[in-house]
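The values are calculated or read from the model by the stated rules, or taken from the named source; none is laboratory data. Note that the coordinates shown come from a computational prediction; the quantities given were computed from them, not determined experimentally. Counting neighbours? That spans all protein chains shown, and the Cβs are built from the backbone with ideal geometry, glycine included. For the accessible areas, the whole protein counts, side chains as well, though only heavy atoms, and no ligand, DNA or RNA atoms are used. Shrake-Rupley method; radii C 1.70, N 1.55, O 1.52, S 1.80 Å.
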Amino acid sequence: MGGGEFTVEDLSVHYGGVCAVKSIGFTVPPGESVGIIGANGAGKTSTLKALMGLVPRSGGKVVFDGKDMSSVRARDMVRHRIGYVPEGRHVFGGLPVERNLLLGAYVRPWRAAETRKSLEEVYELFPVLGEMSDRLAGALSGGQQQMLAIGRALMCRPRLLLLDEPSMGLSPKLVDDILAVLQKLRGQGIGMLLVEQNAKLTFEATSECLVMENGEVAMTGTSAELRTDVRVRRIYLGL
Ligand code: ATP
């Protein structure tokens, strides 16, 4: 699959008079995993939404694989093979699991063979979704819905995946399962931008991290460095 470099410069987000993201910048090298950690309200979700074009950006430049994506809308991001796993999963509870997955392939509905292949890959990664393909998504457990949300994003054959708190509300065992999936995707060369409150998961799943505070990047470093940083250990790992 293979990623492309994803560069963000000077990105800001305002909600009315409130500045939620203040001129941040970072790069996700091709096929690499970058994490954004930070407390509740630090601006992590706003950053991802702004990158996807789901909230307006008040300034900034976004480049993916040499293409300027600054004014691209959400559905076109998917067309450029940037997959998005929203906070809170947002699966369509009244639709069967397989329909939810097929919705993730909406950018290439005419390519039935490719879609079938992607579906098989998702079922291989998440066997439980294959077993429950006819079940309504609303009947799945929280962990299964999270897998469905990731599976749906994979249906566009992403080169880069933006994930918003995939561990939210999951038991430690399920968080481990999500970590195993992220590591597998990383092994396939899919680039990742992972937003999380769970710093432990983020450090294990990524090679570099940013720490956001009050809409700004307070620290950056390799995940290995940050994991042992005294301040990070105290604030985010509770050690
Ligand atoms: P969380 O982990 O709770 O999702 P976060 O780090 O993702 O937190 P954001 O959700 O991006 O943070 O919020 C950043 C700031 O922007 C917060 O102060 C929040 O109250 C504010 N905010 C977020 N969405 C809106 C909105 N739609 N309208 C006004 N303010 C908002």
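The table below gives the values:
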item: Radius 12 Å from Cβ of Leu154, net charge of other residues (Lys, Arg +1; Asp, Glu -1); result: +3
item: The chain, accessible surface, carbon-and-sulfur percent (1.4 angstrom probe); result: 52
item: Rounded to whole Hz, the Karplus (6.51, -1.76, 1.60) HN-Hα couplings of region 70-80, x for glycine and proline; result: 4, 10, 7, 8, 3, 5, 7, 4, 5, 4, 7
item: Solvent exposure ordering (accessible area, 1.4 Å, most first) of Ser118, Ser71; result: Ser71, Ser118
item: Stretchable slack from Asp134 to Arg116, in nm (0.36 nm times residue separation minus alpha-carbon distance); result: 4.9 nm
item: Cross-link pairs beyond the 32 Å C-alpha cut-off, checked among Lys61/Lys173; Lys67/Lys117; Lys22/Lys117; Lys22/Lys173; Lys61/Lys117; result: Lys61/Lys173; Lys22/Lys117; Lys22/Lys173; Lys61/Lys117
item: D (Stokes-Einstein, µm²/s), Kirkwood Cα radius, region 90-149, 0.890 mPa s at 25 °C; result: 214
item: DSSP bridge pairs, the chain: antiparallel proportion in percent, nearest 5; result: 50
item: Placed amide H near Leu193: partners under 5 Å, 5+ positions off or other chain; result: Val34, Leu161, Leu162, Leu163
item: Helical contribution to [θ] at 222 nm, DSSP H n ≥ 4, -39,500 (n - 2.57), averaged over the chain, rounded to 500; result: -10500 deg cm²/dmol
item: The chain - Rg and Dmax from Cα coordinates, angstrom; result: 17.2, 53
item: FRET efficiency, 1/(1 + (r/R0)^6) with R0 22 Å, evaluated for Ala218 and Glu5 via beta carbons; result: 0.40
item: Rounded accessible area per residue of the chain, 1.4 Å, Å²; result: 44
item: Kirkwood Rh (inverse of mean 1/r, distinct Cα pairs), region 149-239, angstrom; result: 13.9
